Number of protein chains: 2
Amino acid sequence: MRTIRLARRFGATLAGLVAATSVAAQGAPPPLQVPEKSVPVPADVSPQMAKIVGAPLRQNWNIQPKTGEEWKPVAEAGAAALARQVPGMLERLKVKVERTTIDGVRAFIVTPETIPPENRDRLLVHVHGGCYVLNPGEAGLPEAIFMAGFGRFKVVSVDYRMPPEATYPAAHDDAMTVWKAVTKMADPKKTAIFGTSAGGALTLAMVLRAKREGLPLPAAIAPGTPMSDTTKVGDSFVTNAMLDNVLVSPDGFCDAGAKVYANGHDLRDPMLSPVYGDMHGFPPTILTTGTRDLLLSNTVRVHRKLRDAGVEAFLQVGEGQSHAHYIRDDTAPETRKVFEEIAGFFDRHLAR
Amino acid sequence: MRTIRLARRFGATLAGLVAATSVAAQGAPPPLQVPEKSVPVPADVSPQMAKIVGAPLRQNWNIQPKTGEEWKPVAEAGAAALARQVPGMLERLKVKVERTTIDGVRAFIVTPETIPPENRDRLLVHVHGGCYVLNPGEAGLPEAIFMAGFGRFKVVSVDYRMPPEATYPAAHDDAMTVWKAVTKMADPKKTAIFGTSAGGALTLAMVLRAKREGLPLPAAIAPGTPMSDTTKVGDSFVTNAMLDNVLVSPDGFCDAGAKVYANGHDLRDPMLSPVYGDMHGFPPTILTTGTRDLLLSNTVRVHRKLRDAGVEAFLQVGEGQSHAHYIRDDTAPETRKVFEEIAGFFDRHLAR
């Protein structure tokens, strides 16, 4: 008897639900109200990654410096703290760094202690992240060091100009200056470009610009969780807000930084929102993001767009990871796997 | 003056934050409290997908039928509603379906009106989803029809036994019976297995069992958002709860269905939680999920595990999509792209 009642209730409800679903959205459906939730660190990450994933939200994620001058001390304080981690990284990963200048642009040459024969003539270009306002100097190096160390490639990392020194398109111009120089130092078929966040967007923008200017393209690129849409389109800007402990919110410090760099330039320009660029003819691309990443959507949208343009494009998504968690701790096994994946991808696509 | 004060405040705070982050988690970090939020349909999806994404949470997502008898009317009501959509799909996609029995197992042969020459000798096996208790008969066919229609492959879809007719390992056994028969109908190098949700888990479990039993493996597989972990490990079980409008919660109807099918069998057995299986030697695999999918983590964990085992594995993630949204509406461009991606992957990996 109870079974029959249950049966009626469930049966009728399920049928009703299917009908409701199909007529649901003849107008714009109302927003979904998602209740407050308590989110523990997931069980299936390493202890090192658990620390990163379980860290509280970035303090003062909602600061809104409005000028390059206001950003400068923020950038310097963050950079000083990050730069202190660099010597340990260099030692653990057996990598050396030297400052240089390439056609007037500040850069670093990042070299692994041993370079395997297949990588001897290969050269990678790195563009760091930091919302176009953070990580000057050595603070921009961790990702370049990880790539050099785990992949045993030689890397040129661009220490591009940022506010208050200069605004758009200065960082883009500096990156292109280095790119042009690199295409003369190495066969472009033996090169790749990579970077995370603003550096991921710059990576994509560099290819768009190289296409436009008729320059050689790299043999592969690795944009990590690219700031591919600074106009705030993208579902995870909402769904992962207050969950991503790095960027935290689409209206936070990173948006403020990008706007100061843009300096009034149209944010829909593919140079600043490369998801809107024409990706036909792009080289093979490997994208990295995480399940909690505020830019998860902007990464998967670039992936889809590349595939629609017929480009070989590979996506890796880290369990539980917020924005760019994979460039925090070189001792986390998740970090190693991300960079080994990228290195393998480069190895398959770069000429020897 | 104001700039200097701002500078001091931001600078000090940023430095403090980096220090705080690095000492944060020496014990288990506390859960993150994510506030309530209002989530609109994202701007960057098609109108068809917007309807699916914007639908309210599945009604009675928290029903908990405890026996196969209690599930039967639920399954029948849902199946009747879904089956009504099948004729339209067949017509739009120019596909035919016939019921058959393969070595005693109920199945459907799903055939596109025209099969291109390269697919003439190829044969795909489909295992439907539905938490091991839903989508009997024609209700299990939409994904098979989409694959046949968009990919122009011939498909055998297994209408496996479910509670109350039978419990674990009946569905697995039926799928293996069909798999064995298919390896005699076609060269296994010209075959693939695919399925979504429980069907994604079954796809993975079939390969694990074929390995164990020394049977031929397919040339490729396409597990869509697989129920790869029925033990509820996986970050998106929490982060996407009450956001995924299909599964809604790790403690909802789908968990109840899987438990009724498992009938007391250990949920950690890789047959029911294939993420814990040994994936060495797996064929090339294409995985599909969405940014709001409750099983996003269980999909990306399988992807990582496959890559760690040296398997070619490709991941696609749909913007804004909840669990299995890509098998709802064949007229949505997102649906077409998912199936064309899978078809292209099969075409590259199946012998001709």
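Looking for something within 14 Å of chain A (Cβ to nearest Cβ) and either more than 29 Å from A:Pro42 (Cβ to Cβ) or of a type outside the set (Lys, Arg) (or both) - is there at least one such residue anywhere in the stretch B:208-228?
Looking only at the stretch B:208-228, we keep the residues that are within 14 Å of chain A (Cβ to nearest Cβ), and these are B:225, B:228.
Subset that is either more than 29 Å from A:Pro42 (Cβ to Cβ) or of a type outside the set (Lys, Arg) (or both): B:225, B:228.
Yes, the conditions are met somewhere in the stretch B:208-228.
Which one of the conditions (1) surrounded by 24 or more Cβ atoms within 10 Å (Cβ to Cβ); (2) in contact with a strand residue (DSSP E or B) (Cβ under 6 Å, 6 or more places away or on another chain); (3) within 12 Å of chain A (Cβ to nearest Cβ); (4) in a helix (DSSP H, G or I) does B:Phe346 fail to meet, given that it meets all the rest?
Every listed condition holds for B:Phe346 apart from (3).
Can you confirm whether B:Arg212 is among the basic types (Lys, Arg) and free of Cβ contacts under 8 Å to residues at least 12 places away in the same chain?
yes
Being facing chain A (nearest Cβ under 9 Å) and not in a helix (DSSP H, G or I) is the filter here; which residues of the stretch B:304-319 pass it? Show your work before the answer.
Keep residues of the stretch B:304-319 that are facing chain A (nearest Cβ under 9 Å), which gives B:304, B:307-308, B:314-319.
Across the stretch B:304-319, the qualifying residues are B:Phe314, B:Leu315, B:Gln316, B:Val317, B:Gly318, B:Glu319.
Considering the stretch B:282-330 alone, what residues qualify as being within 20 Å of B:Glu340 (Cα to Cα), without any contact (Cβ under 8 Å) to a residue 40 or more places away in the chain and of a type in the set (A, V, I, L, M, F, W, C)?
Of everything in the stretch B:282-330, those that are within 20 Å of B:Glu340 (Cα to Cα), without any contact (Cβ under 8 Å) to a residue 40 or more places away in the chain and of a type in the set (A, V, I, L, M, F, W, C) turn out to be B:Ala313, B:Phe314, B:Leu315, B:Val317.
For A:Glu76, are the conditions met, namely being among the charged types (D, E, K, R) and in contact with a Ser or Thr (Cβ under 6 Å, 6 or more places away or on another chain)? Break it down stepwise before answering.
Values: among the charged types (D, E, K, R): yes; in contact with a Ser or Thr (Cβ under 6 Å, 6 or more places away or on another chain): no.
So A:Glu76 fails the test.
On the given criteria, is B:Val248 among the β-branched types (Val, Ile, Thr) and either part of a loop (DSSP other than H, G, I, E, B) or surrounded by fewer than 24 Cβ atoms within 10 Å (Cβ to Cβ) (or both)? If you could, list the steps in order and put the result at the bottom.
Numbers: among the β-branched types (Val, Ile, Thr): yes; either part of a loop (DSSP other than H, G, I, E, B) or surrounded by fewer than 24 Cβ atoms within 10 Å (Cβ to Cβ) (or both): yes.
Yes: the conditions hold for B:Val248.
In the set A:Leu296, A:Leu267, A:Leu247, A:Leu306, which member is of a type outside the set (Phe, Trp, Tyr), in contact with a helix residue (DSSP H, G or I) (Cβ under 9 Å, 6 or more places away or on another chain) and more than 19 Å from B:Leu296 (Cβ to Cβ)?
Details: A:Leu296 fails: more than 19 Å from B:Leu296 (Cβ to Cβ); A:Leu247 fails: more than 19 Å from B:Leu296 (Cβ to Cβ); A:Leu306 fails: in contact with a helix residue (DSSP H, G or I) (Cβ under 9 Å, 6 or more places away or on another chain).
None of the other options fit; the residue is A:Leu267.
Give me a count of the residues in the stretch A:106-140 that are within 18 Å of the chain's Cα centre (by Cα), within 26 Å of A:Asn263 (Cβ to Cβ) and of a type in the set (A, V, I, L, M, F, W, C).
Qualifying residue count, the stretch A:106-140: 6.
Considering the stretch A:74-105 alone, what residues qualify as being in contact with a Pro (Cβ under 9 Å, 6 or more places away or on another chain) and either of a type outside the set (Val, Ile, Thr) or touching a residue at least 60 places away in the same chain (Cβ under 8 Å) (or both)? If you could, list the steps in order and put the result at the bottom.
Of the stretch A:74-105, the ones in contact with a Pro (Cβ under 9 Å, 6 or more places away or on another chain) are A:74-76, A:79, A:82, A:85-86, A:89, A:93-96.
Selection gives A:Val74, A:Ala75, A:Glu76, A:Ala79, A:Leu82, A:Gln85, A:Met89, A:Leu93, A:Lys94, A:Lys96.
Within the stretch B:162-176, which residues are touching a residue at least 24 places away in the same chain (Cβ under 8 Å) and more than 13 Å from B:His126 (Cα to Cα)? Show your work before the answer.
First pass over the stretch B:162-176, keeping only residues touching a residue at least 24 places away in the same chain (Cβ under 8 Å): B:162-165, B:167-169, B:171-172, B:174-176.
Those that are touching a residue at least 24 places away in the same chain (Cβ under 8 Å) and more than 13 Å from B:His126 (Cα to Cα): B:Met162, B:Pro163, B:Pro164, B:Glu165, B:Thr167, B:Tyr168, B:Pro169.
Could you check B:Pro333 against (1) more than 17 Å from A:Asp235 (Cβ to Cβ); (2) over 16 Å from the mean Cα position of the chain (by Cα) and say which number it fails?
All conditions pass for B:Pro333, except number (1).
Here are some conditions: (1) buried (at least 24 other Cβ atoms within 10 Å of the Cβ); (2) of a type in the set (A, V, I, L, M); (3) outside any helix (DSSP H, G or I); (4) more than 9 Å from every other protein chain (Cβ to nearest Cβ). A:Val338 meets all but one. Which one does it not meet?
Evaluating A:Val338 over (1) buried (at least 24 other Cβ atoms within 10 Å of the Cβ); (2) of a type in the set (A, V, I, L, M); (3) outside any helix (DSSP H, G or I); (4) more than 9 Å from every other protein chain (Cβ to nearest Cβ) leaves (3) as the failure.
Would you say B:Leu294 is in a loop (DSSP other than H, G, I, E, B) and either of a type in the set (D, E, K, R) or over 15 Å from B:Leu202 (Cα atoms) (or both)?
On the way: in a loop (DSSP other than H, G, I, E, B): yes; either of a type in the set (D, E, K, R) or over 15 Å from B:Leu202 (Cα atoms) (or both): yes.
Yes; evaluated as a whole, the condition is true for this residue.
Do we have B:Met242 as on the phi > 0 side of the Ramachandran plot and touching a residue at least 24 places away in the same chain (Cβ under 8 Å) here? Steps first, answer last, please.
Working: on the phi > 0 side of the Ramachandran plot: yes; touching a residue at least 24 places away in the same chain (Cβ under 8 Å): yes.
Yes.
How many residues does the stretch A:320-330 hold that are over 12 Å from the mean Cα position of the chain (by Cα) and either more than 10 Å from chain B (Cβ to nearest Cβ) or modelled with pLDDT under 95 (or both)?
Pass one, the stretch A:320-330, residues over 12 Å from the mean Cα position of the chain (by Cα): A:320-321, A:328-330.
Narrowing further to those that are either more than 10 Å from chain B (Cβ to nearest Cβ) or modelled with pLDDT under 95 (or both): A:330.
Of the residues in that region, 1 qualify.
Got at least one residue in the stretch B:265-281 being facing chain A (nearest Cβ under 9 Å) and either assigned to a helix (DSSP H, G or I) or in contact with a Gly (Cβ under 7 Å, 6 or more places away or on another chain) (or both)? Talk me through it step by step, then tell me what you get.
First pass over the stretch B:265-281, keeping only residues facing chain A (nearest Cβ under 9 Å): B:275.
Restricting the remaining residues to those that are either assigned to a helix (DSSP H, G or I) or in contact with a Gly (Cβ under 7 Å, 6 or more places away or on another chain) (or both) gives B:275.
Within the stretch B:265-281 (the criterion being facing chain A (nearest Cβ under 9 Å) and either assigned to a helix (DSSP H, G or I) or in contact with a Gly (Cβ under 7 Å, 6 or more places away or on another chain) (or both)), the answer is yes, since at least one residue qualifies.
Suppose we filter B:Ala220, B:Ala241, B:Ala262, B:Ala256 for residues that are among the small types (Gly, Ala, Ser) and in contact with a helix residue (DSSP H, G or I) (Cβ under 7 Å, 6 or more places away or on another chain); which single one remains?
Working: B:Ala241 fails: in contact with a helix residue (DSSP H, G or I) (Cβ under 7 Å, 6 or more places away or on another chain); B:Ala262 fails: in contact with a helix residue (DSSP H, G or I) (Cβ under 7 Å, 6 or more places away or on another chain); B:Ala256 fails: in contact with a helix residue (DSSP H, G or I) (Cβ under 7 Å, 6 or more places away or on another chain).
The conditions single out B:Ala220.
Given (1) part of a helix (DSSP H, G or I); (2) within 14 Å of chain A (Cβ to nearest Cβ); (3) surrounded by fewer than 21 Cβ atoms within 10 Å (Cβ to Cβ), identify the lone condition not met by B:Asp255.
(2)
If A:Thr288 satisfies every condition in (1) crowded, with 24+ Cβ neighbours inside 10 Å; (2) in a loop (DSSP other than H, G, I, E, B) but one, which is the exception?
(2)
The values are calculated or read from the model by the stated rules, or taken from the named source; none is laboratory data. These numbers come from a predicted model, not from an experiment. Please note: Cβ atoms are built from the backbone with ideal geometry, for glycine as well, and neighbour counts cover all protein chains shown.
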